[in-house]
Structures are given as C-alpha cells and as structure tokens.
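Input: a single structure, listed below in structure tokens.
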Amino acid sequence: MIEIADLVKTFHHGSVNEVLALAGIDLKVKKGDFITVIGSNGAGKSTLLNCLAGSYGIDSGHIRIGEQDLSHWPEHRRAALISRVFQDPLLGTCAPLSIEQNLAMANRRGRIHGLGKGVRRADRELFRRQLKQLGLGLEDRLRDPVGLLSGGQRQALTLLMATLIRPQVLLLDEHTAALDPKTAQQVLALTVQLVAENHLTALMVTHNMRQALQLGNRLIMLHGGRIILDVGQAEKAEMRIEDLLQKFYSVRGEEFVSDRMMLV
C-alpha cells in the first residue's frame with residue numbers, strides 16, 4: 001500500500017549545521033496497518049511524516065502509495081490521499097471560521113471547490129451526525145467559531161476533519177502530546193475508534209512507549225534516521241517497555257536513561 005525505498009533527507013546541506021535526518025529509510029506498509037512510531041528526539045520520526053506528507057522535499061529515494069509515485073508531488077497534491085493531525089491543536093483548524101465551515105472545507109478535500117454554496121443543508125445534517133459521536137456537544141454549536149473551542153475540542157474536531165473523507169493514509173504526529181492527560185485519553189480513544197471504523201492505514205508518532213505497545217498492529221523504532229526495530233502484532237503483544245528500553249541501550253548506551261522525552 002505504501003512503499004518507501006532508500007529515503008534520504010538532509011537539512012542544511014553543505015553547511016557546518018548539516019544534519020542527516022533520514023539515512024536510507026526502507027518501509028512497506030500494508031493497507032489497514034496501524035503503526036506506532038517511536039524514537040528519541042532527533043531520530044527522524046516527524047521528518048519521516050513530513051516527507052510522506054510532502055512538507056519536506058527529499059534528497060533521494062521513492063515514496064509510493066498504491067501504484068502512484070509521490071516522491072516529488074507537492075504537498076497540496078498529496079492532500080487528496082493523505083490526512084494529517086499535528087501536535088498543536090491550533091494547526092488543524094481555522095479559528096475565525098465556524099465549526100461547520102471547517103468541516104465543509106474538510107469535506108471537499110481533493111476536489112475542485114468551485115463557487116457553490118459553502119455549507120449545504122445535507123452537509124449540515126452529515127456534520128451533526130459525525131460530531132455527535134464525539135460526545136462533546138459540538139453538534140449543537142455548528143455556527144460557533146472554532147476559536148471558541150478548547151484545545152481538546154479542537155483536536156477532536158481536527159481528527160474528525162482528517163477522516164471525514166476517508167484518506168488512504170492518516171498521519172498522527174504526537175497529536176495528544178499538547179493535551180492534558182484526561183483529554184489526551186479521550187482523543188486517543190477517538191483515534192482508535194475512527195481508525196477501526198474506517199479501516200484506515202495510519203502512522204502515529206508517539207513518545208509514550210506504553211501507547212506504542214498497546215495501540216496498533218505494528219511498531220517501528222527509529223534512531224539516527226534509520227529503522228532499528230520493526231515488529232508486528234504478535235511480537236509486539238509479547239514485548240514490555242523494558243524490552244524497548246533495552247533496544248535503545250544497545251544503540252545509545254546508558255545516556256538513554258536521562259532521555260526524559262521517552263515517557264513510559
């Protein structure tokens with residue numbers, strides 16, 4: 001479904017600040033895979049998602065989704081195939097527009113917009129049904145500006161917008177990290193529900209190893225821009241957090257003990 005071959009990405013090429021962020025990534029993702037992606041800071045996790053989404057150009061390698069080679073497609077062209085939810089709840093929505101206007105834009109992803117009416121009656125009924133499943137009462141606030149919502153409400157709305165038109169790939173870049181623990185759990189539960197109900201192919205970056213082991217059917221670990229661990233459902237089910245830590249010990253040494261970003 002997704003095939004990434006020998007993907008290389010360098011920042012600040014040729015300068016004293018040159019960083020090899022992705023050092024020849026090879027990854028095949030089957031349709032319906034829900035992959036959790038872990039690794040220390042600077043391992044290449046977000047860079048991998050940015051290259052998939054087209055936010056970053058690549059130095060070399062190939063990115064394919066199905067029969068289509070996306071390696072050099074611009075970001076806006078990939079939007080018809082790929083949806084994304086960012087860590088910052090403010091990035092996925094337009095604050096001055098109403099909830100229904102934001103959903104209307106999401107409902108037209110990948111289409112020619114034209115000059116038709118922004119929100120039609122049929123759209124509004126669809127939006128109410130979809131919002132009701134969030135359990136946040138947003139179905140009764142369709143015309144409220146999104147800027148009035150809390151961070152958790154906005155992230156839940158962003159997640160719904162990202163899956164309203166079923167994407168071929170859903171990218172989740174630490175999308176609960178900026179939320180308080182209770183809200184993060186609610187958004188995470190909604191994520192699992194939407195991925196399962198829509199049979200989505202998803203990659204979720206997380207610093208939380210417990211989440212990485214509990215969620216999805218596959219786990220990959222990055223270090224130094226390379227995949228150093230790739231385990232499927234059966235093997236992942238037998239792993240403990242200590243096993244993941246040990247893998248890091250083998251490539252980083254005892255310095256990992258002080259890596260506070262790897263939450264357990």
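The values are calculated or read from the model by the stated rules, or taken from the named source; none is laboratory data. Computed from a predicted model, the values in this text were never measured in an experiment. No Cβ is skipped: glycine too gets one built from the backbone with ideal geometry, and neighbour counts run over all protein chains shown.
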Original post:
Tell me, which residue of the stretch 6-41 that is touching a residue at least 12 places away in the same chain (Cβ under 8 Å) and not in a strand (DSSP E or B) is farthest from Gln214 (Cα to Cα)?
Top reply: His13
Original post:
Given the conditions (1) at pLDDT below 95; (2) over 24 Å from Met105 (Cα atoms), and given that Asp6 satisfies all but one, which numbered condition is not satisfied?
Top reply: (1)
Subject >> Filter result for the condition that a residue is in the same structural domain as Val205 (by TED's automatic domain parsing), over 15 Å from Gly66 (Cβ atoms) and of a type in the set (A, V, I, L, M), over Val8, Val29 >> reply: Val8
Original post:
In the stretch 211-254, how many residues are more than 18 Å from Phe34 (Cα to Cα) and charged (D, E, K, R)?
Top reply: 7
Original post:
Out of the stretch 187-216, which residues are without any contact (Cβ under 8 Å) to a residue 12 or more places away in the chain and of a type in the set (A, V, I, L, M)?
Top reply: Ala189, Ala196
**OP:** Within the stretch 24-39, identify whether any single residue is modelled with pLDDT of 95 or more, buried (at least 21 other Cβ atoms within 10 Å of the Cβ) and over 14 Å from the mean Cα position of the chain (by Cα), and answer yes or no.
**Re:** yes
Original post:
In the stretch 176-233, which residues are buried (at least 16 other Cβ atoms within 10 Å of the Cβ), touching a helix residue (DSSP H, G or I) at 6+ places or on another chain (Cβ under 9 Å) and among the charged types (D, E, K, R)?
Top reply: Arg218
Original post:
Which of the helices (runs of 4 or more DSSP H) contained wholly in the stretch 117-208 include at least 1 residues that are over 25 Å from Gly66 (Cβ atoms) and outside the structural domain of Ile220 (by TED's automatic domain parsing)?
Top reply: 121-132, 151-164
**OP:** Restricting attention to the stretch 42-56, report how many residues are at pLDDT 95 or above and part of a loop (DSSP other than H, G, I, E, B).
**Re:** 4
**OP:** Within the stretch 44-77, work out how many residues are closer than 20 Å to Lys31 by Cβ and of a type in the set (Val, Ile, Thr).
**Re:** 2
